[in-house]
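*Asks:* Sharing a structure below in structure tokens format, with a few things to ask.
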Amino acid sequence: MGQAVIIPESQHAEMKEKFKVNQFNLMASELISVNRTLRDVRMDSCKSKTYPVESLPTTSVVIVFHNEAWSTLLRTVHSVINRSPPPLLKEIILVDDASEKDFLGRQLDEYLSKLSVHVYVLRMEKRTGLIRARLKGAARAEGKVITFLDAHCECTEGWLEPLLFEIHKNRKSVVCPIIDVISDETFEYITGSDMTWGGFNWKLNFRWYPVPQREVERRGGDRSLPLRSPTMAGGLLAIERDYFYEIGSYDDGMDIWGGENLEMSFRIWMCGGTLLIVTCSHVGHVFRKATPYTFPGGTGRIINHNNARLAEVWMDEWRSFYYKINPGVKQTDYGDLSPRIQLREKLECKSFRWYLQNIYPESQMPLDYYSLGEIRNKETNQCLDSMGRKAGEKVGIVGCHGMGGNQIFSYSKKKAFQTDDLCLDVSALTGPVKLYQCHGLGGNQLWEHDQETLVIRHVSSNQCLDKPTPQDRDTPALGACSGSSSQQWIRLGTT
Ligand code: UD2
Ligand code: MN
């Protein structure tokens, strides 16, 4: 029933050793049946919904893997078979991305051949990464819908019908379940929230953020209705097969891992589709803290390559946020983009501005901004610097290095100073100036930068940003506004 596995102390040494193989508790996973039952985790209003199963489209489930554990892979397969209405499940296609483990060879083929559903394995000749592996699986799919899953998932009761129902209603809806958490430590099944949706930060990392009130209201407060999510996590989605190709499938210039989820999210919205999180559908996924496999050519290089491709093709001027906060990426060789640029033209997709304005006004990339660059103190020539600190910590100030990264701040038309998803925030009258999650509501995050006097005034406290005091040397001070040169600031990167 999805409960935690507790390993006795005496086996902890072995447990830790095995953890390294897949970066999850493999010993715990092996102690659970590959056919485990789970609670029905849906909200009550979902349980009572009925679907016209006879008119729903069929689906092929495509699962790509590289060196996946036997137990998690087979538990994924069994959960699909056990909890999908048989008439809707056309087949399950596994794509082996050049795994190096013997048991994923003939032993796997034999096991699958005995199952009641048509399940088979395609094999990549050499390691190509999840994007091209998915393309290979998709090319063989015969169902009307393609459903992609990671290889360490568990589908719960009623997961499939609401996904297919949304596609049945609108073939341009691309749908994701709520992704529940299967603990990487204990394999406990933990129900995820229907109050988070997908966003992204300046570094183009996918992030979960709270669903804003406007989206709650659009659904009339009914949490069982699908959420219009700005982005998707990437691993678990269903899309009509023909629409998948119509809208440009995946960018096959992307390697190994990363970026394809945001690329597809932007593309869907900008080119006339809809991206939904279907809150009545729950699928669990083992979230890992580290990756267990290699990134041939280097993790950073591959992720930068993929992200640069999506930034160049889809993000228009907002690509600068990504480039400036990641010094060094500009030199990345992103390869040939012409097929993807042609796709955007052919589909007559809307602009990234349109996307930010209409789909994601809460985005961490401000729609309108005065500048994106350094904030330099006129007297000391030091620059504000996030120092890589987290929400709730003081903002830093150090010598300007002109390299971007932590010294990049935007000053938005909402008059917030923001770096990545953190904003300069003051909650006590005399400071300190801290970094907090941007809320976009002004308040303690509202600053007036006067272009004549160069003074930056914190509006709610009516105090001015100043050079550091001698006692607190690496964080800017806040004091009574005097207009002295230590209270004068120059914004670079003015647009
Ligand atoms: C998330 C997504 C994942 C993908 C990724 C960005 C979820 C739950 N997961 O990362 O699907 O969108 O973000 O790219 O939303 N794999 C291969 N070949 C490789 C590398 C990985 O086949 O070279 C397989 C891997 O075995 C797994 C799947 O691709 O089944 C996703 O990889 P992951 O689980 O390491 O990614 P995850 O969940 O961290
Ligand atoms: Mn995964």
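Read-outs throughout are calculated quantities, based only on the coordinates presented, and are distinct from any laboratory measurement. On a predicted model such as this, the values are computed, not experimentally measured, just so you know. Virtual Cβ from ideal backbone geometry, glycine too; neighbours counted across all protein chains shown.
*Asks:* May I ask you to compute the full-extension gain from residue 37 to residue 20, defined as 0.36 nm times their residue separation minus their alpha-carbon distance, rounded to one decimal in nm?
*Replies:* 3.5 nm
*Asks:* Let me ask something else about it. Roughly speaking, what is the centre-to-centre gap between the range 310-385 and the range 120-155 when only Cα atoms are used, to the nearest Å?
*Replies:* Cα centroid of the range 310-385 versus Cα centroid of the range 120-155: 31 Å apart.
*Asks:* Also, I was wondering about something else. Mind listing the Cα extents of the range 303-418 along all three principal axes, in Å, largest one first?
*Replies:* Taking the Cα atoms of the range 303-418, the three principal extents are 52, 32, 25 Å.
*Asks:* Let me ask another. Taking the Cα atoms only, what angle lies between the long axis of helix 12-22 and the longest principal axis of the chain, rounded to 10 degrees?
*Replies:* Computed tilt is about 90 degrees.
*Asks:* Turning to a different aspect of this structure: Fewest to most neighbouring Cβ within 10 Å: what's the order for 148, 19?
*Replies:* 19, 148
*Asks:* Can you give the relative contact order of the range 262-405 as a percent, counting alpha carbon pairs under 8 Å and 6+ residues apart?
*Replies:* 24
*Asks:* Between residue 172 and residue 100, with labels modelled 7 Å along Cα→Cβ, what's the label distance in nm to one decimal, could you check?
*Replies:* Simple spin-label model gives 4.6 nm for this pair.
*Asks:* What is the calculated FRET efficiency for residue 291 to residue 381, with r their C-beta to C-beta distance and R₀ = 45 Å, to the nearest 0.05?
*Replies:* Once the sixth-power term is evaluated, E becomes 0.65.
*Asks:* Work out the FRET efficiency for residue 342 and residue 205 from their Cβ-Cβ distance, taking R0 = 22 Å, and round it to the nearest 0.05.
*Replies:* 0.20
*Asks:* Can you work out the PRE-style zone for residue 439? Point 7 Å along Cα to Cβ, and I want the residues of the range 201-220 with backbone N under 16 Å.
*Replies:* Of the residues in the range 201-220, 210-214 have backbone N under 16 Å from the label point off residue 439.
*Asks:* Where the centroid of each part is defined by its Cα atoms, how far is the range 444-495 from the range 1-53 in Å?
*Replies:* 52
*Asks:* Which values, in whole Å and largest first, are the semi-axes of the equivalent ellipsoid of the range 20-116 obtained as the square root of 5 times each eigenvalue of the Cα gyration tensor?
*Replies:* One finds semi-axes of 28, 18, 11 Å for the range 20-116.
*Asks:* Grab the DSSP H runs of the chain that are 4 residues or longer, score each as -39,500 (n - 2.57), total them, divide by all residues and round the 222 nm result to the nearest 500 deg cm²/dmol.
*Replies:* Mean residue ellipticity at 222 nm (helix-derived): -7000 deg cm²/dmol.
*Asks:* Please report 263, 217 as a ranked list, fewest other C-beta atoms within 10 angstrom at the top and most at the bottom.
*Replies:* Fewest to most other Cβ atoms nearby, the residues stand as 217, 263.
*Asks:* Among 483, 56, 381, flag the residue with its Cα farthest along the positive direction of the charge dipole of the chain, charges on Cβ as +1 for Lys/Arg and -1 for Asp/Glu.
*Replies:* Highest projection toward the positive end goes to 483.
*Asks:* Alpha carbons only, please: Rg and Dmax for the chain, in angstrom.
*Replies:* Taking only Cα atoms of the chain, I get Rg and Dmax of 24.8, 81 Å.
*Asks:* Under the rule of at least 5 residues apart or a separate chain, name every residue whose amide H is placed under 5 Å from the amide H of residue 488.
*Replies:* Here 378, 379 satisfy the definition.
*Asks:* Also, I was wondering about something else. At q = 0.10, 0.18 Å⁻¹, work out log10 I(q)/I(0) for the range 55-184 with the Debye formula, treating every Cα as an identical point scatterer and leaving solvent out; two decimals please.
*Replies:* Values, matching the q order: -0.30, -0.99.
*Asks:* Hey, what's the Kirkwood Rh for the range 339-398 if you take every pair of different alpha carbons, in angstrom?
*Replies:* Over the range 339-398, the inverse of the mean reciprocal pair distance is 15.2 Å.
*Asks:* If Lys and Arg each add +1 and Asp and Glu each add -1, what is the summed charge of the other residues whose beta carbon sits under 10 Å from the beta carbon of residue 283?
*Replies:* -2
*Asks:* So, one more: Can you check what the net charge comes to around residue 442, using other residues whose Cβ is under 9 Å from the Cβ of residue 442 (Lys, Arg +1; Asp, Glu -1)?
*Replies:* So the environment of residue 442 carries a net charge of +2.
*Asks:* Using θ = phi - 60° and the Karplus form 6.51 cos²θ - 1.76 cosθ + 1.60, what ³J(HN,Hα) does each residue of the range 129-139 get, whole Hz, x for Gly and Pro?
*Replies:* Values, residue by residue: x, 5, 5, 5, 5, 5, 4, 5, x, 4, 4 Hz.
*Asks:* Write down, largest first, the equivalent ellipsoid semi-axes of the range 243-334 in whole Å, where each equals the square root of 5 times an eigenvalue of the alpha-carbon gyration tensor.
*Replies:* Gyration-tensor ellipsoid for the range 243-334: 24, 20, 13 Å.
*Asks:* Percent relative contact order of the chain, based on C-alpha pairs within less than 8 angstrom and at least six residues apart?
*Replies:* It comes to 12 percent, rounded to a whole number.
*Asks:* Now, a different point. Diagonalise the Cα gyration tensor of the range 88-129 and give the resulting equivalent ellipsoid semi-axes, square root of 5 times each eigenvalue, largest first, whole Å.
*Replies:* 20, 14, 5
*Asks:* For the range 44-143, what number of Lys pairs, 8 or more residues apart or on separate chains, have alpha-carbon atoms under 18 Å from each other?
*Replies:* Number of lysine pairs found: 4.
*Asks:* Pull out the extension gain between residue 274 and residue 45, defined as 0.36 nm times the separation in residues minus the alpha carbon to alpha carbon distance; nm, one decimal.
*Replies:* 80.1 nm
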